[in-house]
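Participant: My questions all concern the structure below.
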Amino acid sequence: MAAFVIRRLVWLPILLFFVSVITFALGLYGPGDPVQVMLGMHANPETIERLRHEYGFDQPFYIQYLNYVANALQGNFGYSLVKYRDQPVGVLIAEKLPATIQLNLVAILLGCAIGVPLGLVAGLKRDTWLDLVVRGIVVAGISFPIIFLNPVLTFIFSRRHEFTLAATNFTFSIGPFLPMVQGHWDGLFSPKIILPAFIESLGVIAVLTRQMRAGMIEVLSEDYIRTARAKGLRERVVVVRHAMRNALIPIATILGLMLGGLVAGSFLVENWFDVPGVGQLAFDALISRDYYVIMALTLLIAVAYILANLFVDVLYGFLDPRIRQS
Amino acid sequence: MATLLEVKDLRTEFHTQDGVVHAVNGVSFAVDEGETLGLVGESGCGKSVSVLSVMRLIPIPPGKIAGGQVLFQGRDLLAVDDEEIRSVRGNKIAMVFQDPMTSLNPVLTIGTQISEALELHLGMTKEQARKRSVELLKMVGIPEAENRLDDYPHQFSGGMRQRVMIAMALSCSPQLLIADEPTTALDVTIQAQIVDIVKRLKRELGMAVIWITHDLGVIAGLADRINVMYAGFVIESASNKEIFANPVHPYTLGLLGSIPRLDEAHKAKLTPIEGLPPDLIEMPKGCPFYDRCRFRAERCASENPPLELAGVRHWVACWNWQDVQKKRGPVGVR
């Protein structure tokens, strides 16, 4: 197992090299220029040239890249060029990361708590109306775009709704059900996290429900389930002890991979709810061509996914005795 | 001896998109205490479905037990509630399945899987069940049983897994063991070992056995009675000796002609049964074996023969069995 982990870790720098070269090249050769963004459309061409020279943007690609790598290896990931001018990128990301991780964590937990039971029920009650309803929810969940859900769910859950009964002229109001984040972020244990986390969890719910449903259906048709029933076990024991354990193995894999996504913020959710996270930072950096911020975030996400993959492979060995052996 | 299990006119069907598959069409048989009954026939003839129906392990839907009675110690298992059938399963009637590679749960240890039934039916504590599991594994000849309880199924070979399955089935000392082609997925030397184990344990524990196989050779040294099944019908039923010495159904003859014999000339050819069994969705009106039968007559196309007596406790479903008996030539006495 140790040899396996080390072999995988050796791949890490190689993968990072390719990721960094591609991201760097895209930033440099793509349209737009941070200096142009900094100085505005009517800036003096000479000033622009001077600033480009100062930042080293007039140097050839490989020099710029090597400089970047040399600095990065010393822990210096450059400075923000535009919105957070001259702040070190490392500090910026460290500042923004907690909110994103908190939000994603709650989204994943919410996704599990909703997705796994939904899938279980759908799988057990296959082809009944219950299954149909669950599948409908899943399809709706992944089909409604976040950009639509953001305003609609915000309107429904965080606004006051007033109704007047025409006959009695009696007015009553309900809501708000959930507070909005806007203004300030209170972190993990504030109810403000529920709405953005729920919207982010819809994707998780869809994936987990589908996997759990398919897994249960597959496992329930296995010979060992018939063996378990032939022993005279109660259906509940058959499902929980014999079927669910097997159906949960792929779920654990998916969740492990999702851990990689913990550090990747959602542009749409974080911006709409004003969550001071990495997603907002990345969004700002992208529209203002803030090279170094984009670079650092891309590398961070790449490392996170690579490590998550490794983690899943190790985890799988613990969950599945057949793999543990080999 | 007293009758342990009596199946009367059992009908099981499967409702599929293509139509109703008539898998078992009025099967009747009985097993006495301590008796071994062989159910023989080719794939899809309803052997497994019959015994799965007895245990009510047919998946419903698409399956449906459309009629009949399964009297076990006087109780109709098809009429009792779920609670009661569960108290019979694995306790009074236990089952060993065909493929030991897929019949054990890959994520649970062997110990857990054997202990389950002990804790459930005999109310043993975890430790008692563990102790008994070791005894059971020893009984089926698994070496170092103490150290193997915490192993997972994939750490056993196919033959060893089938031994585990047998240990599991015998854990509550059932009165009836149903073995559904337990040797089919194993190679021949292992087959012989498994047959020997079951024979020995049957003698020691005095249980009755229903042994399902498509291979008359396997059953020859094992069964007291043999039921030959075809297209969901029992078409011939007689004692072991009688089936081999005096088969009177053309299909049984065909089955016997298709197993190699040690006492025949070296170059003697095996005779396959030409053709295929009938479509179980659109069952023929007459004898289901009509299309493949060498002895068929006009009557066979329109009327399905019922079982009739052809000797001492020897039943056959054929209009022309007397003709078959005359014309079949020597069958050889074992």
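Participant: Order of A:T47, A:T23, B:T3, B:T213 from fewest to most other C-beta atoms within 10 Å? Could you put the intermediate results ahead of the total?
Facilitator: Details: A:T47 11, A:T23 18, B:T3 15, B:T213 25.
Ascending Cβ contact count within 10 Å gives the list A:T47, B:T3, A:T23, B:T213.
Participant: Taking Cα atoms, how many degrees apart are the long axis of helix B:126-139 and the longest axis of chain B, rounded to 10 and kept between 0 and 90?
Facilitator: 50
Participant: Need one number: nm distance between label points at B:D323 and A:F17, each 7 Å from Cα along Cα→Cβ, rounded to one decimal.
Facilitator: Using points 7 Å along Cα→Cβ, the separation is 8.5 nm.
Participant: Structure shown: which of B:K64/B:K269; B:K131/B:K199; B:K64/B:K131; B:K64/B:K327 lie over 32 Å apart, alpha-carbon to alpha-carbon? All intermediate terms of the calculation are to be shown ahead of the outcome.
Facilitator: Working: B:K64/B:K269 42 Å; B:K131/B:K199 24 Å; B:K64/B:K131 40 Å; B:K64/B:K327 41 Å.
Pairs exceeding 32 Å: B:K64/B:K269; B:K64/B:K131; B:K64/B:K327.
Participant: Can you work out the Karplus-derived ³J(HN,Hα) for every residue in the range A:173-179? Use 6.51 cos²θ - 1.76 cosθ + 1.60 with θ = phi - 60°, whole Hz, and x for glycine or proline.
Facilitator: Result, ordered by residue: 10, 10, x, x, 7, 9, x Hz.
Participant: Report the per residue volume, in Å³, of the convex hull enclosing the C-alpha atoms of the range B:32-164. Could the numbers behind the result be given before it?
Facilitator: Details: hull volume 20.0 nm³, N = 133.
Output value, Cα hull per residue: 151 Å³.
Participant: Please rank B:E181, B:E42, A:E46, fewest neighbouring Cβ atoms within 10 Å first, as an exposure proxy. Kindly include the intermediate steps, with their values, before the conclusion.
Facilitator: On the way: B:E181 21, B:E42 17, A:E46 8.
Taking fewest neighbouring Cβ atoms as first place, the list is A:E46, B:E42, B:E181.
Participant: Express the relative contact order of chain B as a whole percentage, based on alpha carbon pairs under 8 Å and six or more residues apart in sequence. Spell out each step's value before the answer.
Facilitator: Values: 616 pairs, mean separation 64.7, N = 334.
Reported as a whole number, the value is 19 percent.
Participant: A follow-up question, please. Evaluate peptide B:110-123: per residue, the Cβ atoms of other protein chains within 10 Å of its Cβ; return the mean as an integer.
Facilitator: Working: counts 0, 0, 1, 6, 1, 0, 7, 5, 1, 0, 5, 2, 0, 0.
Per residue, the average neighbour count from other chains is 2.
Participant: Something else now. With both partners inside the protein assembly as shown, how many of the DSSP beta bridges are antiparallel, as a percent to the nearest 5? Walk me through the intermediate numbers first.
Facilitator: Numbers: 38 of 57 bridges.
Given both bridge residues lie in the protein assembly as shown, the antiparallel proportion sits at roughly 65 percent.
Participant: What residues qualify as long-range amide H neighbours of B:A66, i.e. H under 5 Å apart, gap of 5 or more or another chain, H built at 1.01 Å from N?
Facilitator: Correct list: B:R11, B:T12, B:E13.
Participant: Please give the calculated 222 nm ellipticity per residue for chain B, where each DSSP H segment of at least 4 residues contributes -39500 (n - 2.57) and the sum is spread over every residue; nearest 500 deg cm²/dmol? Each step should come with its number before you reach the end.
Facilitator: Values: 12 runs with 107 residues, N = 334.
So the calculated ellipticity at 222 nm is -9000 deg cm²/dmol.
Participant: Let me ask something additional. Give the shape of the range A:91-325 as rounded, prolate or oblate, defined through the alpha-carbon gyration tensor: a ≥ b ≥ c are the square roots of its eigenvalues, a/c under 1.5 means rounded, and otherwise the shape is prolate if a/b is larger than b/c and oblate if not. Before the final figure, lay out the partial values.
Facilitator: Working: a/c = 2.82, a/b = 1.24, b/c = 2.28.
Oblate, since a/c reaches 1.5 and b/c is not below a/b.
Participant: So for A:V207, B:V51, fewest C-beta neighbours within 10 Å to most, what's the order?
Facilitator: Details: A:V207 21, B:V51 24.
Fewest-to-most ranking of A:V207, B:V51: A:V207, B:V51.
Participant: Moving on. I want the antiparallel fraction of DSSP beta bridges within chain B, as a percent rounded to 5. Can you show the working numbers first?
Facilitator: Values: 32 of 51 bridges.
Bridges in chain B are about 65 percent antiparallel.
Participant: If you average the sequence gap of Cα pairs under 8 Å that are 6 or more apart and divide by the length of the range B:181-334, what percent do you get for the contact order?
Facilitator: Working: 183 pairs, mean separation 32.8, N = 154.
Over the range B:181-334, the number comes to 21 percent.
Participant: Right, next: Tell me which lysines have Cα within less than 21 Å of A:K192's Cα, excluding those fewer than 8 residues away on the same chain?
Facilitator: By straight Cα distance, A:K192 reaches A:K96.
Participant: Round to the nearest 10 and give me the degree value, 0 to 90, for the angle of helix B:110-121's Cα axis relative to the longest principal axis of chain B.
Facilitator: That helix lies at roughly 80 degrees to the long axis.
Participant: Give the cross-link partners of B:K126 among the aspartates and glutamates, using a straight C-alpha distance below 13 Å as the criterion and excluding same-chain residues fewer than 8 apart.
Facilitator: Cα-Cα hits under 13 Å: B:E116.
Participant: Further question on the same structure: Looking at this model, which pairs from B:K47/B:K326; A:K231/B:K92; B:K8/B:K47 are more than 20 angstrom apart at the alpha-carbon?
Facilitator: Working: B:K47/B:K326 29 Å; A:K231/B:K92 10 Å; B:K8/B:K47 15 Å.
Too far apart for the 20 Å limit: B:K47/B:K326.
Participant: In whole percent, what relative contact order does chain A give with Cα contacts below 8 Å and a gap of six or more residues? Provide the component values of the computation, followed by the final result.
Facilitator: Working: 397 pairs, mean separation 82.2, N = 326.
Over chain A, the number comes to 25 percent.
We did not get these values from a lab; they are worked out from the coordinates using the rules stated. Since the model is a prediction, treat every value here as computed from it, not as a measurement. Note that we place each Cβ from the backbone using ideal geometry, even for glycine, and neighbour counts take in every protein chain shown.
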